[in-house]
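The values are calculated or read from the model by the stated rules, or taken from the named source; none is laboratory data. Computed from a predicted model, the values in this text were never measured in an experiment. Note that each Cβ is placed from the backbone with ideal geometry, even for glycine, and that neighbours are counted across all protein chains shown.
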Amino acid sequence: MSVDGETGGDVHKPDHPNSQGWTEARRVVLFSDAPLELEAGGRLSDVETEYETYGRLSKNKDNAVLVCHALTGDAHAAGWDKNPEGPMRAYRRDKPGWWDRMVGPGKAIDTDRFYVVCANVLGSCYGTLGPSSVNPATGRPWGMSFPIVTVGDWARQQIELLKTLGVGRLKCAVGGSMGGQIALEIALARPDMVEDLIILSAGHRVTSQGLAFSVVGRNAVLSDPYFCNGDYYGRPGKPLAGLAVARMMAQITYLSEESMGFKFGRKLRGKESPDFTLTGVDFELESYLNHQAESFVKRYDANSYLYLTRAMDYYDAADKWGGGDLAVMAGRIEARTMVVSFSSDWLFPPELCREMVTGMCLARRPISYVNVPSRYGHDAFLVETETVRRLVACHLKAGS
């Protein structure tokens, strides 16, 4: 499984000519001279940020592509991690980056042409400052004393990182799901900075249903007896049960009725008749959700899950940039934009994506829109590799 879901296709090992090869995460401290003023209030200084880069920045510094990760993703977008040891990194062993089939030599986002940057967002638990980091004022992990962060804060974090790397303008900002929100926000906050914008399985806000699923997931974490108001670090128990339920809930939203029916249906697991118990595992689907939950709680921090899902829920680009008017919002965007939705996605459904596209059309902004027929639900932006690869490659080629 990768990021929000599964991927398919061939895997290029490090010595393959189309592989990015061995990569290594780096860290930089941002906002040391002037603190980051957070949208929800408060400020943060010395924001340690983990990132990876692939390819080389051109002499004219005009070939940078920013890849923005999804909810539980990280900076390791491509290649094979040279040093996967350390907290929260065991899941990286023996697998390439979460978008390795898209980023690399000769691939859709060709690192022989582009300088690709991917950074872990503020509030996460994969090397960037977040609730599990030590608060220098107390010497203990921040926990829920960590300030609320927003998609706008993530955009400014990414812009500051790009500035540090010598990038003043992006050839392209691209992201799926939460990453699509970040890419959109950068194009809105800094219209002059983004030449091309690619948004996959994302919209200007989440739907009411998406918000509802998110609320249930957070409440599962908050009600875990080991949550201890977020101060569970160093204690013998952690809110793993609550986080597991939250992951199960989220995993359902990443799939679709058709994909669940195709993969599992009502098949029993290793038996011809059910056991008729309340606690056992009878169905294949139960086993799948349990596996997803068990693997997730080993690699992710419960507090980070709360902070990042809350930020996604708060985001409403039309309200922020257009006073609720999508055409006004879209009028800010100067980038040549492509929006890709997937027919069975119920987290960011096609009708929501079309709202944003309609706003772009009304604002007379350059926009292309594709709704891809797929049974894979929200995960389709990771699973429909060939289709996404062609769309992204064509969009970048047309803009070159």
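Points to keep in mind about this one:
- Residues satisfying the stated conditions in the stretch 44-73, i.e. in a loop (DSSP other than H, G, I, E, B), of a type in the set (A, V, I, L, M, F, W, C) and surrounded by fewer than 24 Cβ atoms within 10 Å (Cβ to Cβ): Leu57, Leu71
Yes/no matrix, rows are residues, columns are (1) surrounded by fewer than 18 Cβ atoms within 10 Å (Cβ to Cβ); (2) under 30 Å from Arg140 (Cα atoms); (3) among the polar types (S, T, N, Q):
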{"position": "Ser201", "(1), (2), (3)": "no, no, yes"}
{"position": "Arg205", "(1), (2), (3)": "no, no, no"}
{"position": "Ser208", "(1), (2), (3)": "yes, no, yes"}
{"position": "Asp224", "(1), (2), (3)": "no, yes, no"}
{"position": "Ala241", "(1), (2), (3)": "no, yes, no"}
{"position": "Val245", "(1), (2), (3)": "no, yes, no"}
{"position": "Lys263", "(1), (2), (3)": "yes, no, no"}
{"position": "Glu272", "(1), (2), (3)": "yes, no, no"}
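- Some residue of the stretch 137-146 being of a type in the set (Ser, Thr, Tyr) and not assigned by TED's automatic domain parsing to the domain that holds Asn290: yes
- Sole residue being of a type in the set (Val, Ile, Thr), buried (at least 24 other Cβ atoms within 10 Å of the Cβ) and part of a loop (DSSP other than H, G, I, E, B), chosen from Val167, Val174, Val149: Val149
- Test result for Glu351, at negative phi, part of a helix (DSSP H, G or I), surrounded by fewer than 19 Cβ atoms within 10 Å (Cβ to Cβ) and not assigned by TED's automatic domain parsing to the domain that holds Val65: no
- Evaluated against (1) at pLDDT 95 or above; (2) assigned by TED's automatic domain parsing to the domain that holds Gly203, Trp346 falls short on exactly one condition, (1).
- Every listed requirement among (1) farther than 26 Å from Glu50 by Cβ; (2) in a helix (DSSP H, G or I); (3) in contact (Cβ under 8 Å) with a residue 12 or more places away in the chain; (4) outside the structural domain of Phe114 (by TED's automatic domain parsing) is met by Asp192 save one, (4).
- Single residue of the stretch 22-43 satisfying the filter (surrounded by 13 or more Cβ atoms within 10 Å (Cβ to Cβ) and aliphatic (A, V, I, L, M)) that is farthest from Gly168 (Cα to Cα): Ala40
- Residues (surrounded by fewer than 16 Cβ atoms within 10 Å (Cβ to Cβ) and part of a helix (DSSP H, G or I)) located in the stretch 378-400: Glu386, Arg390, Ala393, Cys394, Lys397, Ala398
- Inter-residue pairs, beta-carbon under 6 Å, first under 21 Å from Ala77 (Cα atoms) and in the stretch 43-65, second of a type in the set (Ser, Thr, Tyr) and at pLDDT below 95, 6+ apart: Glu52/Thr23
The rows are residues; the columns are (1) hydrophobic (A, V, I, L, M, F, W, C); (2) outside any helix (DSSP H, G or I); (3) at positive phi; (4) not assigned by TED's automatic domain parsing to the domain that holds Leu347.
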| site | (1), (2), (3), (4) |
| --- | --- |
| Lys238 | no, yes, no, yes |
| Thr253 | no, no, no, yes |
| Arg266 | no, yes, no, yes |
| Phe276 | yes, yes, yes, yes |
| Gly280 | no, yes, no, yes |
| Glu286 | no, no, no, yes |
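- Looking across the stretch 308-348 at every residue that is without any contact (Cβ under 8 Å) to a residue 60 or more places away in the chain and outside any helix (DSSP H, G or I), the one that is surrounded by the fewest Cβ atoms within 10 Å (Cβ to Cβ) is identified as Gly323.
- Arg375 being more than 22 Å from Asp153 (Cα to Cα), in a loop (DSSP other than H, G, I, E, B) and not polar (S, T, N, Q): yes
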